[in-house]
Amino acid sequence: MTRKNDAIAGLRWQRKHRRPRGVRTSGFPVIAALLLMAALLTACAPRSLVPDNGPPEAAEPPSEAARTTLEFWHTYSELEERVFREEVLPLFEQDHPEIRIQDVRKDYTEQLKTNIMASAADGQQPDVMRMDIIWVPEFAKQGLLTELSELEGFDTLQTQFIGSLLETNRYGEGYYGLPVNANTKAAIFNMRLLREAGLSEPPSTFGQLIAAQEQLNSSYPGLSSVGICCAASWGTLPYFWTFGGQLTDEGYTRASGYLDSSQSLAAIAKLQDWVTRGIISRSILTGDPGTWDGLLKGDLLMIDEAHWFYSANRDGEHAEVLSDMQVAPFPDDVRPGTSIIGGENLVLFSNTRYSEAAWTFIRWMMQPQPQLLMARTGLIPTIRDVQPAGGEAWFTPYSAQLDHALPRPPVPAWTQIDDEFARMIERILTGEQPLEEAVRDSAARIDELLSQG
């Protein structure tokens, strides 16, 4: 319930319970006599230190009919779903026996977003959903989500999240979700090769990394310092930001003046130069060799990747060589090493009949206990100072990297902006279009997309 609705509810209560007009309040003698008679009867009654009716009975849990049932859609994996159902939900329903959660797993496909919007148009949407962070502004623009920043308790919650995670829920001046789990990309280094170059620790700057490659080039002529997955924003924005670039203004209203600023042009020129010089592998354009294979086989000194690199490789053919890899924060350059934010947010659909119960569930999921339970599946908690006991060695660097990670602009047109940004990078790296011209054209097109709200 919003603060405005709280005020309205209070006025309704006062109107309901105020004294009716015309009722007299001067009947004091009659009332006083009745009270005196009751007091005398009580004084004459025998007293006992032993209760007559025994101990009070424990309150019975509400009947199934009296419970509020919330429908919760999510895209958890099989392992995540099992932990959520078997460990997290029982704790929630123990704390809130009046609320039952009916969870529904959805496969994350290209059609999922369209299907959810169609369900909402037909009034068949869930009450709460665990949603990809890049979808939130688009759903908010359609009027499908409740603005959580208007609800009681939001002000207290918003201070507990790591870094810029809450920003992924922003649309306009409001926030329409809360981050329930996060991911980001940190640097993963081939320490076997770096030790050959004389480094005992991962390099803290890109300058140190390039110097290591130059020292190793005579022995490994095909070696590159960095492997980047692709030209899309997920691959290139961390470097663009770290090299000093800025995509839009802080309010996400304009790219002109930011994407085409001298600092941003210098950042893209550095990216272009490093591809030309072989510091960055050409897999950024071709996808071949893959960054994982390139790192594990010794063709790359560093890749940037999320924590699933470890969970995917620790039991396979690369398990042994994985011990030569070490995760660390993104190296510094013009700015401190800055990565990109991924993950999921919890959102409350606007036409739910049970907004109060749904808000209770969302807030509960932001507590340490459910966050720690889900962290055992590999999901990174979103609140500060939550560290799984005996967690994986890679967990701390990823959690620390979130303090130096930025969201993709939380705007409804992000998918189209991402496509435009990726095509711009490709045109520049392949020489199809001169750098400044390509950036200027893309900034103008992104301005048009941002103007659509």
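In sequence order, the stretch 223-228 has phi-based couplings of 6, 10, 6, 9, x, 10 Hz under the Karplus curve 6.51 cos²θ - 1.76 cosθ + 1.60, θ = phi - 60°, and Gly or Pro positions carry x.
Remark on ALA255: its backbone amide H falls under 5 Å from those of ASP447, a criterion applied only to residues 5 or more positions apart or on other chains, H modelled at 1.01 Å from N.
Rounded to the nearest Hz, the phi-derived 3J(HN,Hα) couplings of the stretch 84-101 under the Karplus curve 6.51 cos²θ - 1.76 cosθ + 1.60 (θ = phi - 60°) are 4, 6, 8, 10, 6, 4, x, 5, 4, 6, 6, 6, 10, x, 7, 10, 10, 9, where x marks glycine and proline.
Near THR168, once Lys and Arg are set to +1 and Asp and Glu to -1 for all other residues with Cβ below 10 Å from its Cβ, the sum equals -1. With a sphere of radius 15 Å drawn around the Cβ of PRO238, what net charge do the other residues whose Cβ falls strictly inside it have (Lys, Arg +1; Asp, Glu -1)? Once positives and negatives cancel, what remains is -2. Centre-to-centre separation between the Cα atoms of the stretch 172-193 and those of the stretch 301-334: 15 Å. Evaluating 6.51 cos²θ - 1.76 cosθ + 1.60 at θ = phi - 60° for every residue in the stretch 68-74, the Karplus couplings come out as 8, 9, 9, 9, 10, 9, 8 Hz, glycine and proline recorded as x. Starting from the Cα gyration tensor of the stretch 308-358, take the square roots of the eigenvalues, sort them a ≥ b ≥ c, and report rounded, prolate or oblate (rounded when a/c is under 1.5, otherwise prolate if a/b is larger than b/c, else oblate). Verdict is oblate for the stretch 308-358. Seen from THR291, the other residues with C-beta closer than 15 Å to its C-beta sum to a net charge of -2, counting Lys and Arg as +1 and Asp and Glu as -1. Using the average count of surrounding beta-carbon atoms within 10 Å as a protection proxy, the listed peptides 445-451, 214-220, 265-271 rank, highest first, as 265-271, 445-451, 214-220. In terms of its C-alpha gyration tensor, the stretch 313-423 has an oblate overall shape, because the principal axis ratio a/c (a ≥ b ≥ c, square roots of the eigenvalues) is not below 1.5 and a/b does not outweigh b/c.
Residues of the stretch 145-172 falling in the label zone of TRP308, defined by backbone nitrogen less than 13 Å from a point 7 Å along Cα to beta-carbon, are absent. Take every Cα pair under 8 Å whose residues are at least 6 apart in sequence, average their separation, divide by the length of the stretch 184-330, and the relative contact order is 41 percent.
No value in this document is a laboratory result; all are computed from the given coordinates. From a predicted model like this one, the values you see are computed outputs, not experimental measurements. Cβ coordinates were reconstructed from backbone atoms using ideal geometry, including for glycine residues, and neighbour counts include every protein chain displayed.
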